[in-house]
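**Student:** Structure incoming, see below.
The values are calculated or read from the model by the stated rules, or taken from the named source; none is laboratory data. No experiment lies behind these values; they were computed from the predicted model shown. Note that we place each Cβ from the backbone using ideal geometry, even for glycine, and neighbour counts take in every protein chain shown. Just the protein is used for accessible areas: all its heavy atoms, side chains included, with ligands, DNA and RNA removed. Shrake-Rupley method; radii C 1.70, N 1.55, O 1.52, S 1.80 Å.
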Amino acid sequence: MQRTSFPLKPLAAALAAAWAGVAAAQSTTTRATGVSGDGSTVVGYISTASGGQAYKWTESGGLVTLGIPGNSAARGVSNNGSVIVGTSYGSPLRAFVWNNGSISYITVDGSDVYGNAVSSNGSVVVGGVYNSGSNTGYAYRWTSSGGLENLGKLTGDAEAVATAVNSNGSVVVGTSYGTYGANPKAFRWTSSGMTGLGNLTGKTKSEATGVSGDGSIVVGSSYSNDDKSDALAFRWTSSGMTSLNTLGGSASWANAISADGNVIVGDSYDSSNQLRGFRWASNSMQSITDWLASAGVTVGSGIVPRTANATNADGCVVVGELDNGEAYVARAGCSSGSNKITAINGGGSGLISVQQISNTLTQAAANVGITLQSVGVVLHGAHSRPLSRRVEAGKHAFWVAGDLGRDEHGERDGNLGLAEVGLGRNFGPLQVNAALGHTWSKFAQPLDSHIKHEGSFLFAEGLLPLSGGKDDGLWAVLMGYHHWGDAKIRRGYLNAGLPDHSTGQPGVRSWAVSLGLEWQNLVKSADFSLSPYANLTHTRAKVDAYTETGGAWPAAFAGRSESTNDLRIGANAVKTLGAAKLLGTLEATHRFEDRAAAATATILGPGGFTVTVPGQSYERTWLRAGLGIEGKLGGGQGSLMLNATSRGEMPSYWLAASWRMAF
C-alpha cells in the first residue's frame, strides 16, 4: 500500500519550502510518491519555480498533470490506477480524489484536510484533518457513499493523521500526536477502534507509514530523538514490533509495504552515512543497488537511488528518487501473472530515470518531422524549378535527378538523399509530368540512437500557361506527391546508468499537394532573366503504431499523424555565360503551424508508464538560397545546384543534380 509520512501541521510550509529550494536549483523536478498495485501507474508531483502539480504516468493516459487548481501533490493510487488521491495546497488545504478524470474534494469547514492514501479497490480514502485555530486534528476514513468518518486519535493526544489503508479499506494505520506534533505514536484502526502499536525497545516514539493488503502487517519507524536521527524501520504484526535494522548506518525508515506483506521499502543510512533507498524481503535489507545487482543488473557508478518511496503489489517494482532528484522506476524478479517480464519483447530487470527515458522517447518520436522534411526536399529541392522541364506541344520530356544533403539545424544531425526518374508530355497547352523515386535518410541522436528512413515515392506535376507567350508569362504549377516506406529506429537509453537500446520499424507514409504560380521571365534582357513565384503546400505524414523489441525497457509507440501548410515566395534567376547558364534561387518560407503534434509512448511491463511528448516547436520562417550551373550534356541539359537554408524545417544544405532531354 502506498503512503507518505509527515507531521500534520508543518506539511504545507515544508512542501512550499521544498518547492522553492528545488526551483532555485533547477526549473523542474519530478517526485514519485506512489505506484499502483499492478505496477502500471506512478503518481507524485512535479515541482517548478511557480509551485507544483500532481501528476500520473499511466499505460493509457500518458504523462499528465491531474488538473488540480493551484499547487497539489498526489500521494496514493488504487491498484489499477483509476483512483488517485492527494492534497491541494490552497487556503484551506483540501484532499482531492481523482477518479478516472473526475475530481472531487474532501473538505471540513475551515480546517485543512490532507489526502494520503486510497484502498486498492479505490473505494476508501484516508488522511488527516487539522484545525489551526484549536491546534487539534484527527484521522479520517472517507467513502463516496458514507462521507467522512472521524477515526479520532489515541487517548490524551491532540491530533492524528492516517497515512495508509489496506486493500478493502477495513484497516487504517497512521500516527497520533500530542499538541504541536509532540510524542508521535503509531496506530492501527479497525472497526473495533484505534490501538497504539508501541515502540521498539529503547525508543520512545513511532510512526506508521504502510500496511499490507490484509491489514495484518504494519510498517513505519520508531525513534527517540526529535530529529529522527536514531530512527529504525519497523515491521509490526500481532506478535509485536520488530526492527528491520539499517544498511550499516545510524537510522532507517520504512515507507511502504507490498500488498502481500513480503516486501518493505524505505530509506536508510549506509556505513558511509549516505542516505540510500532499501528493499527488505526474507528478513534481509538490501540497498536498491544491491537488490538489482542480485538480479543480474549492473548499476553504473553515477546512479544512486537515494530513496525508495513505494512498491507494487508483489514488490517487484520500486519507485523513488535518485541523488540528483530525478524520479526512477526499478524492477527485478517480476515473474508471475501480469508482471511476467519474459513476455515483454526482451524487456527485463533494471532501473531508469523517468526524465532521461522521457527524453529518449521524445527523440524517437521525431520520425514524423524527418518524413515531412523528405517531402520538402522532393517538392522544393529536386522540383524547385518546374518550368525547366517544359517541352514544346506534342513532345516528351525525360529526366533523371538526385539530391544529397546534410541537416545540422538545431540539434539535428543527419544525411538525406533522393533519386528519381521522370517522364512528361506536353498536350498543348497542358504539360503533365510524372516521376518515380526513392528516398533515404539517417539521423543520429544521443546515446547511440538513430532514425533511418527509406522509401519510394510517386510524383505528378501539371504545368498550365495562364497568360503570355511561348517562353514567358504566368504559369500555374500543380504538384502532387505520395511516399511510402519504413523507419528503422534505434532508441538508446541508460539502464541503471549503462548503455542499452531497443529497436522498432514502423511503416511511414506521406502525401502532399502544392499549388503555385510562376511568372516566367518577368524581368528579361539579352543574357539575364528573373522569374518570381509563389506556392502553397499542404503536407500530411503518418507513422504507424509500433512496439519495440530488445533492451530492458522497450516501449510501444502510438500511431502519429502530422499536417503542415507552407507558403513559399521566391524568384529563380538565369544568367547566360556563353554556352552555360548560371542559376540562382532566393526563397522565403513561412510555416503556418508552430508546433508538431504530440506523440505517445508507453514503457512496457511492470512499472511501465506512458509519456505524452509535446510536439517539437517549428522554426516557422526560413530562407533558402541556391546557386548552380546548367549546360548541354550528352544530347540533353545537365544542371548542378547547391542549396542552403538559414534554419528551419529543411536540410542545412544539399546538392541537386539533374539531366533532362526532350524528344
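**Student:** Amide H to amide H under 5 Å from residue 206: which residues, 5+ apart in sequence or cross-chain, H placed 1.01 Å off N in plane?
**Tutor:** Excluding prolines and chain starts, which carry no amide H, the hits are 185, 186, 223.
**Student:** Which of the lysines could a cross-linker bridge to residue 470, judged by Cα under 25 Å and excluding same-chain residues fewer than eight apart?
**Tutor:** 395, 524, 575, 581, 632
**Student:** Specify whether the C-alpha gyration tensor of segment 400-490 places it in the rounded, prolate or oblate class, a ≥ b ≥ c being the square roots of the eigenvalues: rounded for a/c under 1.5, otherwise prolate if a/b is larger than b/c and oblate if not.
**Tutor:** Details: a/c = 3.76, a/b = 2.45, b/c = 1.53.
Prolate, because a/c is 1.5 or more and a/b exceeds b/c.
**Student:** Express the accessible area of the chain per residue in Å², computed with a 1.4 Å probe while the remaining protein chains stay in the model. All intermediate terms of the calculation are to be shown ahead of the outcome.
**Tutor:** Details: 25040 Å² over 663 residues.
Computed with neighbouring chains in place, this is 38 Å² per residue.
**Student:** How far is helix 354-364 tilted, in degrees, relative to the longest principal axis of the Cα atoms in the chain, given as a value from 0 to 90 rounded to the nearest 10?
**Tutor:** 20 degrees
**Student:** Report the gain in length on full extension from residue 229 to residue 102: 0.36 nm times residue separation, minus Cα-Cα distance, nm rounded to one decimal. Mind dumping the intermediate values first?
**Tutor:** Details: separation 127, 0.36 × 127 = 45.72 nm, distance 4.14 nm.
Full extension of this stretch gives 41.6 nm more.
**Student:** With point charges of +1 on the Cβ of Lys and Arg and -1 on the Cβ of Asp and Glu, referenced to the Cα centre of segment 399-463, which listed residue (401, 430, 460) lies farthest in the positive direction of the dipole?
**Tutor:** 430
**Student:** For the chain, what does the relative contact order come out to in percent, with C-alpha contacts under 8 Å and a separation of six or more?
**Tutor:** Details: 2060 pairs, mean separation 61.6, N = 663.
In percent, rounded to a whole number, it is 9.
**Student:** Here's a follow-up. Straight-line reach from residue 153: which lysines fall under 28 Å, measuring Cα to Cα and dropping same-chain residues less than 8 apart?
**Tutor:** 9, 185, 203, 205, 228
**Student:** In debye to the nearest 20, how big a dipole does the chain give about its Cα centre with +1 on each Lys and Arg Cβ and -1 on each Asp and Glu Cβ? Show your work: numbers first, answer last.
**Tutor:** Values: 47 positive and 46 negative charges, 181 e Å.
Taking the Cα centre of the chain as origin, the dipole is about 880 debye.
**Student:** Below 25 Å, Cα to Cα, which lysines can residue 542 reach? Residues fewer than 8 away in the same chain don't count.
**Tutor:** In chain and number order, the partners are 442, 452, 488.
**Student:** Also, quick follow-up: Give me the number: length gained by fully extending residue 421 to residue 238, i.e. 0.36 nm times residue separation minus the C-alpha to C-alpha distance, one decimal in nm. Could you put the intermediate results ahead of the total?
**Tutor:** Working: separation 183, 0.36 × 183 = 65.88 nm, distance 8.24 nm.
Value of the extension gain: 57.6 nm.
**Student:** Okay, next question. Residue by residue through segment 408-422, which ³J(HN,Hα) values in whole Hz follow from phi under the Karplus form 6.51 cos²θ - 1.76 cosθ + 1.60 (θ = phi - 60°), with glycine and proline marked x?
**Tutor:** For segment 408-422, the Karplus-derived couplings read 10, 5, x, 9, 6, 8, x, 10, 8, x, 7, 9, 8, 10, x Hz, x marking Gly and Pro.
**Student:** Please list, ordered by chain and number, the residues whose modelled amide H lies under 5 Å from the amide H of residue 553; skip anything fewer than 5 residues away on the same chain.
**Tutor:** Under 5 Å from the amide H of residue 553 lie the amide H atoms of 348, each far enough along the sequence or on another chain.
**Student:** Another question, if that's okay. Highest mean first, how do 536-542, 371-377 rank when packing is the count of other Cβ atoms within 10 Å averaged over residues? Walk me through the numbers on the way to the answer.
**Tutor:** Values: 536-542: 18.4, 371-377: 24.1.
Result, highest mean Cβ count within 10 Å first: 371-377, 536-542.
**Student:** Sticking with this structure for a sec: Given an 8 Å cut-off on Cα distances and at least 6 residues of separation, report the relative contact order of segment 579-663 as a percent.
**Tutor:** 28 percent
**Student:** Under 5 Å between amide H atoms, partner at least 5 residues away or on a different chain: which partners does residue 473 have, H built in plane at 1.01 Å?
**Tutor:** Amide H neighbours of residue 473: 520.
**Student:** Rounded, prolate or oblate: which fits the chain when a ≥ b ≥ c are the square roots of the eigenvalues of the alpha-carbon gyration tensor, with rounded for a/c under 1.5 and prolate only if a/b beats b/c?
**Tutor:** Working: a/c = 3.47, a/b = 2.81, b/c = 1.23.
The shape class here is prolate.
**Student:** Whole-Hz ³J(HN,Hα) for each residue in segment 511-517, computed from phi via Karplus 6.51 cos²θ - 1.76 cosθ + 1.60 with θ = phi - 60°, x for glycine and proline: what do you get?
**Tutor:** Whole-Hz 3J(HN,Hα) from phi for segment 511-517: 8, 8, 10, 9, 10, x, 10.
**Student:** Could you check how much of the accessible area of the chain is carbon and sulfur, as a whole percent, using a 1.4 Å probe? Could the numbers behind the result be given before it?
**Tutor:** Values: 13640 of 25040 Å².
Carbon and sulfur: 54 percent of the exposed surface of the chain.
**Student:** Place +1 on the Cβ of every Lys and Arg and -1 on the Cβ of every Asp and Glu in segment 470-573, take the dipole about the Cα centre, and give the residue among 526, 552, 473 whose Cα lies farthest towards its positive end.
**Tutor:** Of 526, 552, 473, it is 552.
**Student:** What shape does segment 90-236 take by its C-alpha gyration tensor, where a ≥ b ≥ c are the square roots of the eigenvalues and a/c under 1.5 counts as rounded, a/b above b/c as prolate, and the rest as oblate?
**Tutor:** Taking the square roots of the gyration eigenvalues as a ≥ b ≥ c, segment 90-236 is oblate.
**Student:** Any idea which of 579, 602, 616 is furthest toward the positive side of the dipole for segment 555-663, if Lys and Arg beta-carbons carry +1 and Asp and Glu beta-carbons -1?
**Tutor:** Comparing the listed Cα positions along the dipole, 579 ranks first.
**Student:** Moving on. Order the peptides 134-147, 506-519 from the highest to the lowest mean number of other Cβ atoms within 10 Å of their residues. All intermediate terms of the calculation are to be shown ahead of the outcome.
**Tutor:** Working: 134-147: 17.0, 506-519: 18.6.
Per-residue mean Cβ counts within 10 Å order the peptides as 506-519, 134-147.
**Student:** Right, next: Using only Cα atoms, tell me the angle between helix 11-25 and the longest principal axis of the chain; keep it within 0 to 90° and round to the nearest 10.
**Tutor:** So the inclination is approximately 40 degrees.
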